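Below is one structure, written out as structure tokens, with a few remarks after it.
The values are calculated or read from the model by the stated rules, or taken from the named source; none is laboratory data. Quick caveat: nothing in here was measured; it's all calculated off a predicted structure. No Cβ is skipped: glycine too gets one built from the backbone with ideal geometry, and neighbour counts run over all protein chains shown.
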Amino acid sequence: MILVDTNLLLRSAQPGHAQCQMARDAVKTVRQLGYFPCIVPQIVYEYWVVATRPVSSNGLGLSTIDAETDIARIIEQFHMFRDERTIFDRWQRLVVEYEVH
């Protein structure tokens with residue numbers, strides 16, 4: 001298993017970014033080599049912060065709905081090691097419900 005860094009996910013989500021294809025290729029190569037890319041809740045928390053931050057403040061400028069969609073896709077693509085106390089599920093419910101940016 002290989003832990004995927006937040007920056008790799010962020011670059012992969014930005015088709016216009018110069019490092020987008022490199023980030024996507026890195027994940028593809030990891031899989032081709034027989035490793036399993038995985039994430040932990042902290043990666044998702046960090047992704048949310050940058051994804052919902054305005055572009056003018058070095059973020060992606062996504063709405064909370066779009067960020068939620070991205071996170072669902074990320075969780076589908078990568079094995080996620082969840083915390084034992086269901087903190088992640090509670091966090092996700094709160095940031096979506098209160099549209100946290």
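Return the residues of the stretch 78-101 that are closer than 14 Å to Trp48 by Cα and among the aromatic types (Phe, Trp, Tyr); say none if nothing qualifies.
Phe88, Trp91, Tyr98
Just the residues that are of a type in the set (Val, Ile, Thr) and at pLDDT below 95, please, taken from the stretch 78-95.
Thr86, Ile87
Restricting attention to the stretch 1-32, report how many residues are farther than 24 Å from Gly59 by Cβ and part of a strand (DSSP E or B).
Number of matching residues: 1.
Among the numbered criteria (1) buried (at least 16 other Cβ atoms within 10 Å of the Cβ); (2) in contact with a His (Cβ under 7 Å, 6 or more places away or on another chain), which single criterion is violated by Leu8?
Against the list (1) buried (at least 16 other Cβ atoms within 10 Å of the Cβ); (2) in contact with a His (Cβ under 7 Å, 6 or more places away or on another chain), Leu8 comes up short only on (2).
So which residues in the stretch 11-26 are touching a residue at least 40 places away in the same chain (Cβ under 8 Å) and either surrounded by 14 or more Cβ atoms within 10 Å (Cβ to Cβ) or out of contact with any helix residue (DSSP H, G or I) (no Cβ under 8 Å at 6 or more places or on another chain) (or both), if there are any at all?
Selection gives Ala13 alone.
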